[in-house]
Amino acid sequence: MPITKLTPETQPSLSDDRLAALLALLPEAVADGKLNWEALREMLVGQLEDEASEAAGKPHDEHFGLFWPGKRAARREAASPAKAGLHPAPGEGVDEANTRNLYLEGDNLSVLKLLRKAYSGRVKMIYIDPPYNTGNDFVYKDNFAESSDTYLRRSGQADASGQRLVSNPKAGGRFHSNWLNMIYPRLLLARELLRDDGVIFVSIDDNEVHHLRMVMDEIFGAENFVAELPWQSRLSKQNDTDISTNHEYILGYAKLRRISNRRLKESNLHTWHSENSFAILPLPL
């Protein structure tokens, strides 16, 4: 007898009360206010698949990580060639006749792509102060960002005419996904530019620090995490909210953090400075 598989294209509509009941019973099966059929299928048949895999001696094809709508496209964007070029602007610099520094002005993703060929593996330190995701309707204004309506249609939260199918609270996935799609390709390119003993620092606040930490663990490797540094970002009190926060964060990751000889001692003084990996030079006493 023929078998009909339930796919997202043929899924029946669920009333709000049924979706709420399913959310209470299986919260993993609901994402961005809609039923996640793939997660539901994994929960319903996962036990049978696990038993079959164990019986056949096959490993499970899954791994730990952060996933969001648009991640694959963001990875492809980092690998695509630049669509712009650099042109000198004589007379707009500072001390142009003597300095050896460069000041590049333009969309940072395009600039990073253009720097890749000449500066790959040559940069000692990178500092990024990206636009923060403050819970507003974040859409980064470059060629890769997508509008709110585009995201809602692609993620199934709006129909073809743009009619909203579910509510989209500020804590919804679109706000995080758009920000992650912005930062992900830029971090991939930044890693390419770093030397083996290079390091990158990224400023961030509470809205995305947890996501950024996981993304940088993936790109740079958790073993190359250097520190999560809180810094006092304001001195005044914020009286229009329940809790006044006066700090943000700076995440530090190395291209290749030193495993041994991290501390400079008299016993390793002759080799400490010549190792081709990142370590923090202590301040003199």
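The values are calculated or read from the model by the stated rules, or taken from the named source; none is laboratory data. Quick caveat, the model's predicted, so the values are computed rather than measured. Cβ: placed from backbone, ideal geometry, glycine included. Neighbour counts: every protein chain shown. Surface areas here come from the heavy atoms of the whole protein model, side chains and all, with no ligands, DNA or RNA. Shrake-Rupley method; radii C 1.70, N 1.55, O 1.52, S 1.80 Å.
Some observations on this one:
- I259 paired with F201, simple spin-label distance in nm, labels 7 Å along Cα-to-beta-carbon: 2.8
- Note on L281 and R116: the extension gain reaches 56.6 nm, defined as 0.36 nm multiplied by sequence separation minus the Cα-Cα distance.
- Relative to the current alpha-carbon distance between L66 and E266, full extension at 0.36 nm per residue lengthens the span by 67.8 nm.
- If the segment from E223 to H87 were pulled out straight at 0.36 nm per residue, it would be longer than the present Cα-Cα gap by 45.1 nm.
- About the Cα centre, charge dipole magnitude for region 223-285 (Lys/Arg +1, Asp/Glu -1 at Cβ), debye: 280
- Near V123, the amide H atoms lying under 5 Å from its own belong to L194, R195; only residues 5 or more places off or on other chains count, and H is placed 1.01 Å from N.
- When Y127, Y184, Y119 are compared by accessible area at a 1.4 angstrom probe, the order from most to least is Y127, Y119, Y184.
- Between amide H atoms placed 1.01 Å from N, distances below 5 Å from V226 occur with G252, Y253, A254, all of them 5 or more places distant or on a separate chain.
- Where N is the number of residues in region 59-135, Cα Rg divided by 2.2 N^0.38 Å: 1.55
- Here r is the Cβ-Cβ distance between Q238 and V94 and R0 is 45 Å; the resulting FRET efficiency, rounded to 0.05, is 0.75.
- Amide H contacts of I128: F201, V202, S203, each under 5 Å away and 5 or more positions distant or on a separate chain (H built 1.01 Å from N in the peptide plane; Pro and chain starts excluded).
- Ordering of 97-107, 200-210 by packing is 200-210, 97-107, highest average first (other Cβ atoms within 10 Å, averaged per residue).
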